[in-house]
Ligand code: MLT
């Protein structure tokens, strides 16, 4: 178990929303959501182990999505949060799935943003190995150079691109090397989607090249009652690229489902 750095805003008595960042980012990607949603909800945005200001666990060269999820469950426990809406982007969505597998009683609602249920194909696994080699030999700047065009829509604001680059370049190489195998080996959730029994919102960027619309539609079709929000003019990082539209979709979902979700 690893102790996590987190930001917290909003009324501690309000229903909690836990934001899980993608790879290789940190809690800062949720700034625009925490700012707005904290007017109505208790917002918690942790840095997963090794990211942002959270330390790497000692003697741990590799970990799994389950480890990330166990850390988040322990954080919720420490904060006295029995149940929360869990909002995960991409890898954060994989961690939300791991939370569902291992700690489902702590999830009142799910927001699956720019993520997918399928595991890695052989080609995707090979790409992870190539990324490990790239990071090992050329560092995080080269990784940012490779990833940025895939992460953002072509017309993304330069300030967003700069903020994303800063997050990627600040992530320790050891963290990336420990996470890549965890991403490659994560379980396929496709068959498990139909058992998800909490209100769920699937969000996708219209131009997401990493977790495309078809993956979002796949999840929405299989999770009972799930809603789908497609955010125009955005790629893989919809909460940062189009924060107003993202927040609007999330707030609409939360308002519609507030009464049925205990804290
Ligand atoms: C992310 O944004 O978390 C990554 O794109 C996830 C992945 O590489 O599968």
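No value in this document is a laboratory result; all are computed from the given coordinates. All values derive from a computational prediction rather than experimental measurement. Cβ sites come from the backbone with ideal geometry, for glycine too, and all protein chains shown count toward neighbours.
For the reader, a short list of remarks on this structure follows.
- Shown is the FRET efficiency for residue 148 and residue 213, computed with R0 = 22 Å from the Cβ-Cβ distance and rounded to the nearest 0.05: 0.60.
- Measure of compaction for region 82-161 (Cα Rg per 2.2 N^0.38 Å): 1.38
- With Cα atoms, 0 to 90° folded angle of helix 243-257 axis to the chain main axis: 40
- Averaging the sequence gap over all C-alpha pairs within less than 8 Å and six or more residues apart, then dividing by the number of residues, gives the chain a relative contact order of 21 percent.
- From most to least packed by mean Cβ count within 10 Å, the peptides 22-30, 57-65 give 22-30, 57-65.
- Label-point separation, residue 35 to residue 259 (7 Å along Cα→Cβ), nm: 3.3
- Shape annotation for the chain: C-alpha extents along the principal axes are 52, 40, 37 Å, from largest to smallest.
- Rg and Dmax of region 1-150, Cα atoms only, in Å: 15.7, 48
- Taking the C-alpha atoms only, the angle from helix 65-78 to the longest principal axis of the chain is near 40 degrees.
- Modelled FRET efficiency - R0 35 Å, residue 197 with residue 53, Cβ distances, 0.05 increments: 0.50
- With the largest listed first and rounded to whole Å, the semi-axes of the equivalent ellipsoid of region 69-218 from the Cα gyration tensor are 27, 18, 17.
- Remark on region 51-90: ratio of C-alpha radius of gyration to 2.2 N^0.38 Å is 1.32.
- Cα-based helix-to-principal-axis angle, 213-222 vs the chain, degrees rounded to 10: 40
- Between the C-alpha center of region 97-146 and that of region 201-263 there is a gap of 18 Å.
- Bridge orientation summary for the chain: considering DSSP beta bridges with both residues in this region, about 15 percent are antiparallel.
- Added length on full extension, which subtracts the Cα-Cα distance from 0.36 nm per residue, residue 244 to residue 157: 29.9 nm
- Pair-distance distribution P(r) for region 141-253, from all Cα-Cα distances in 10 Å bins starting at 0: 13, 35, 36, 15, 0 percent.
- Among 89-96, 70-77, the order from most to least packed when residues are scored by Cβ within 10 Å on average: 89-96, 70-77
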